[in-house]
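Colleague: Right, I'll just put the structure down here and ask away after.
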Amino acid sequence: MRGCFLVSRSGAFCSKPAARAFPRRECGATLPKICPKDSYTEGGWGKYRGSLEGSSMFTLLSHSGPGRTLAAAALLAAGLAGAIMPAQAEVLDARTTPASTRAPVISVDPATLPDFALFRECEACPEMVVMPGGSFEMGSPSTETGRNVDEGPQRQVSVSRFAMSRFETTWAEWEACVAAGRCTSAGGDAGWGKGRRPVIDVDWNDARAYAGYVSGQTRGAYRLPSEAEWEYAARGGTSTRWSFGEAEGQLGNHAWFSGNSSSRSQPVGGRTANPWGLFDVHGNVWEWVEDCWAGSYLGAPTNGTALAAPDCESRAARGGSWFNIPQGLHSANRYWYAPTDRGIMTGFRLSRTLSDLVLRPGTSEIERLATRAPGTVFRDGFTSGSGEGPEMVVLPSGNFMMGSPLDETGGFEDEGPQRSVRIGYEFAVGRYEVTWSQYSACVSAGACPAAEDDGFGQGSRPVTNVSWEDAQAYVTWLNQKTGLTGRSDRYRLLTEAEWEYAARAGSKARWSFGDDESRLGNFAWFGSGSGWRTQPVGGKTANGFGLHDLHGNAWEWVEDCYEPGYRGQPSDGSAFRKSSCSSRVYRGGAWNNSLQYLRSAVRNWGSPGFRNYDLGLRLARTLP
């Protein structure tokens with residue numbers, strides 16, 4: 001166990017220096033011989049800390065390099081904690097608000113806002129409109145002028161309440177994602193200009209990457225809309241060919257199309273909105289949606305979720321573009337592209353989940369497949385009908401460089417050699433570390449051993465003092481409660497590769513947000529900023545995948561056996577296993593660590609039965 005220090009009730013500093021050529025401090029396996037775990041008290045440490053601040057010993061305790069002390073971190077944390085949230089702005093109704101009036105930045109859960117409320121969750125976030133839940137006839141009747149056969153059979157679809165982008169995603173919004181390293185540069189603007197024009201030349205995967213970026217800037221689950229959500233929102237409560245009616249002569253007031261676009265995209269919001277306050281749902285650019293393409297609606301979901309398939313060669317797009325004639329812009333019109341296709345007529349807009357997706361026992365396989373959309377947040381319902389599993393976030397497949405480069409500040413030898421790892425599948429990861437409330441339910445059922453909170457408190461704080469074996473007991477219990485025992489799509493611990501992929505969220509830097517250590521207090525509970533204890537999960541900014549506390553708060557067990565280096569280890573995302581495994585890996589750092597030990601590449605290890613007050617877990621879930 002590395003990077004830790006303890007203080008006894010008497011105020012003595014307890015540590016076990018490592019006999020190694022590179023910097024490391026160890027305690028843990030021999031912890032009872034050095035500092036009995038029950039000798040730690042918040043009051044004792046507070047008294048001791050007060051006598052040390054500014055001293056050379058305090059600098060030593062910080063583990064953070066010459067001249068840097070935890071006192072500085074405390075001042076930073078205090079400044080962040082004292083930041084005052086802006087007063088909640090007046091709620092604006094998207095149906096009556098001009099396009100030139102920007103949505104207010106909110107500090108409340110958007111699920112609490114009224115229907116048609118206009119909001120943003122951060123200054124650079126897209127403007128969103130709350131869509132009411134309801135039902136509608138999806139597709140076009142056989143008598144509709146200009147109808148295509150793939151628009152049927154028309155059927156009743158129910159849609160849960162959600163939020164939809166007021167505008168198509170703009171170049172300005174897209175380039176913020178590129179600057180953050182979460183999106184790749186789009187193909188180009190065709191010489192038309194950027195700014196408020198819709199981004200073009202982006203494929204389906206690009207659009208999903210942007211959704212993940214926005215999710216990471218907020219606590220929301222942003223994603224591409226399902227095809228049903230798109231048509232429901234575009235119609236805005238109407239059943240006519242276009243959202244404004246049947247009069248083709250009015251199309252130019254509502255859409256940029258072949259008749260008025262000057263053969264190019266135009267800045268968003270330049271035409272009249274639909275009845276629900278959404279702009280450019282007809283024309284300007286085609287918009288990617290989540291669904292796998294099918295040539296009809298036979299067998300498609302009727303609950304508003306996306307049509308999913310294990311091997312999907314084409315994805316749907318909706319709305320028509322600046323190039324199309326009026327027939328191509330009616331509300332039911334559909335088209336398809338390969339997921340890797342890019343073009344000057346194609347962009348996207350986002351949706352946001354407002355209510356939890358709960359998979360109940362008996363959920364159909366096609367509905368379970370729909371949960372594979374990256375950015376989707378879901379929970380599994382218990383088979384008893386009472387209770388639910390933890391919130392899970394779907395992560396995309398992808399490649400990343402695992403480990404740290406030789407020149408990374410604070411790196412350790414066992415973080416290399418750095419190598420490319422391919423996560424060739426989508427999987428779900430716990431949005432938060434497993435909490436005391438969640439683990440205690442397993443204890444109450446007699447399926448998990450009780451743990452100690454060391455006086456830190458329980459509730460929504462991460463459970464600690466759990467061993468790798470305890471974590472496996474919790475996984476087994478949760479699979480039983482959710483009816484997933486024996487299934488391929490079940491709960492488990494993350495592999496070490498999956499953990500680092502999830503923690504990095506596309507970043508190659510020391511932390512998921514970059515290399516600027518002054519920002520770490522925004523993302524992590526650590527050092528004096530933590531109050532020298534765990535804190536409730538989700539209190540810091542999420543990473544680019546929308547996951548919280550991957551840096552700090554509590555170390556997290558993973559599946560793998562520990563080896564001091566990556567030579568010969570799997571490069572496909574699977575766990576490293578041995579027939580005899582005396583040490584298991586845990587990752588992420590904790591509240592009592594300095595910033596060096598919160599880097600994305602840091603590794604730690606302990607025996608499968610080892611417990612400590614800074615050690616917990618996070619779950620993964622295989623998807624169908």
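The values are calculated or read from the model by the stated rules, or taken from the named source; none is laboratory data. The shown structure was predicted, so the numbers you read here are calculated from the model rather than taken from an experiment. Positions of Cβ are backbone-derived with ideal geometry, glycine not excepted, and every protein chain shown enters the neighbour counts. Just so you know, the surface numbers come from the protein's heavy atoms only, side chains and all, with ligands and any DNA or RNA stripped out. Shrake-Rupley method; radii C 1.70, N 1.55, O 1.52, S 1.80 Å.
Colleague: Could you work out the per residue convex hull volume over the alpha carbons of the range 222-362, in cubic angstrom?
Modeller: 124 Å³
Colleague: If we restrict to alpha carbons, what Rg and Dmax does the range 87-199 come to, in Å?
Modeller: Values for the range 87-199 (Cα only, Rg and Dmax): 18.0, 52 Å.
Colleague: Using a cut-off of 12 Å between beta-carbons, work out the net charge of the residues near Arg120 (Lys and Arg +1, Asp and Glu -1, Arg120 not included).
Modeller: Summing Lys/Arg as +1 and Asp/Glu as -1 gives -1.
Colleague: In µm²/s, what is D for the range 279-438 at 25 °C and 0.890 mPa s, where D = kT/(6 pi eta Rh) by Stokes-Einstein and Rh is the Kirkwood radius from Cα pairs?
Modeller: Answer from the Stokes-Einstein relation: 129 µm²/s.
Colleague: Sorted by mean Cβ packing within 10 Å, highest first, what order do the peptides 459-470, 578-589, 315-326, 480-491 take?
Modeller: 315-326, 459-470, 578-589, 480-491
Colleague: What is the calculated FRET efficiency for Ser386 to Ser100, with r their C-beta to C-beta distance and R₀ = 51 Å, to the nearest 0.05?
Modeller: The computed FRET efficiency comes out at 0.55.
Colleague: Within the set of other residues whose C-beta is less than 9 Å from the C-beta of Gln569, count the net charge using Lys and Arg as +1 and Asp and Glu as -1.
Modeller: Result for the local shell: -1.
Colleague: Here's a follow-up. Over the range 245-342, average the accessible area per residue using a 1.4 Å probe and give it in Å², no decimals.
Modeller: Here the per-residue accessible area is 38 Å².
Colleague: Taking K and R as +1 and D and E as -1, what net charge do the other residues with C-beta under 14 Å from the C-beta of Ile200 add up to?
Modeller: With Lys, Arg at +1 and Asp, Glu at -1, the net is -4.
Colleague: Put a dot 7 Å past each Cα toward the Cβ at Asn303 and Glu123; how far apart are the dots in nm?
Modeller: With each label point 7 Å from Cα toward Cβ, the separation is 4.1 nm.
Colleague: Let me ask something else about it. What does the convex hull of the Cα atoms of the range 344-461 come to per residue, in Å³, rounded to a whole number?
Modeller: Dividing the Cα hull volume of the range 344-461 by its residues yields 236 Å³.
Colleague: Here's another thing I want to ask about it. What full-extension length gain, to one decimal in nm, is calculated for Ala190 and Ala450 as 0.36 nm per residue of separation minus the Cα-Cα distance?
Modeller: Computed gain between Ala190 and Ala450 is 87.4 nm.
Colleague: When the C-alpha atoms of the range 276-322 are aligned to their principal axes, what extent does each axis show, in angstrom, from largest down?
Modeller: 32, 23, 16
Colleague: Considering every pair of different Cα atoms, what Kirkwood radius, in Å, is found for the range 454-592?
Modeller: It is 16.5 Å.
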